[in-house]
1. Please rank THR216, THR234, fewest neighbouring Cβ atoms within 10 Å first, as an exposure proxy.
2. When Lys and Arg each count +1 and Asp and Glu each count -1, what net charge do the other residues less than 12 Å away from ARG105, Cβ to Cβ, add up to?
3. Can you sort GLU96, GLU172 so the residue with the fewest Cβ neighbours within 10 Å comes first?
4. Local charge sum around HIS72 (other residues, Cβ-Cβ under 13 Å, Lys/Arg +1, Asp/Glu -1)?
5. Is the range 32-243 best put as rounded, prolate or oblate by its Cα gyration tensor, with a ≥ b ≥ c the root eigenvalues, rounded for a/c under 1.5, and otherwise prolate when a/b is larger than b/c, oblate when not?
6. Hey, can you grab everything whose amide H is under 5 Å from the amide H of TYR237? Only 5+ residues off in sequence or another chain; H modelled, so Pro and N-termini drop out.
7. Give, as ranges by residue number, the residues of the range 106-133 whose backbone N falls under 17 Å from the point 7 Å along Cα→Cβ of LEU67.
8. What's the exposure ranking of ILE207, ILE98, going from fewest to most Cβ atoms within 10 Å?
Amino acid sequence: MSAMWRLARPIQLLADLILPDGCGACDRFLATGDGPWCPDCALQLGRATAAPYCPRCGLTGTEPASLADGCHRCREQPILFDGMARVGEYDGRLAEIIRAYKFARRQRLDRPLGVLLAAAITRQPWASELDALVPVPTSWRSWRRYSFSPPASLAHQVSRELGLPALPLLRERGKAHRQVGLTLPERVKNVRGRYHLRPGAKPAGSILCIVDDVSTSGSTLQEVARTLKTAGATRVYAAVLGRTNGNLDSPDF
Ligand SMILES: [Zn+2]
Ligand SMILES: [Zn+2]
């Protein structure tokens, strides 16, 4: 046994004692073979993921909805993206996990959340059409708040899972104003013209999937889709971890 090994082993054991692997959602101790979630969190995440949702707007509901017709809440609304994949409703345990990821900066959740998002995309009929993933650009305000870009990190992980490029095609123009407390028409107006193409970005003729962490009203995704389609993208889909069920008063977003 080398001297280095004799030293490294106790250090590793000590690190394992001090930093035991906990559940990514609730920090409960994980038994060997569990993970990244404890059995209770895995069960609740499974329920959230399995709940039926509208493939057009992403809202959770029990009525059968189709990509062509949508559900009763989106049927009459113009939607600029061509379909949505989501991991679950932004509620319960999934919302706690997303908050831990963003606000407590638990970036070790990147990988398991990216796996869940990739699985949600794979279940969509349009998954095999995609040319690339496009993360929603992060504003300076978000950078200051989170110290990282959740959409870019997620797009990177999904890219690894699906073997698709993650392309930061867009930039945020000017100073962004937060969406919290705004009505739906105000949110749409607030984001209008917010994004523009990075120099050299060429989305023309591509089939793209926007990646974001949470969608509240869908207005950000709409504006990103509008920008990409104006630049010639053939189709633009959207994928998010959590979709709020029409509640614009979420304190976080
Ligand atoms: Zn747990
Ligand atoms: Zn719908």
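The numbers here are math on the coordinates, done by the rules we state, and not lab data. Keep in mind the model is a prediction, meaning the values are calculated, not measured. Every residue, glycine among them, receives a Cβ derived from its backbone with ideal geometry; neighbour counts consider all protein chains shown.
1. THR234, THR216
2. +4
3. Neighbour counts put them in this order, fewest first: GLU96, GLU172.
4. Neighbourhood net charge equals 0.
5. rounded
6. Residues meeting the criterion, in which the H sits 1.01 Å from N, are ASP82, LEU208, CYS209, ILE210.
7. From the range 106-133, the list is 118-133.
8. ILE207, ILE98
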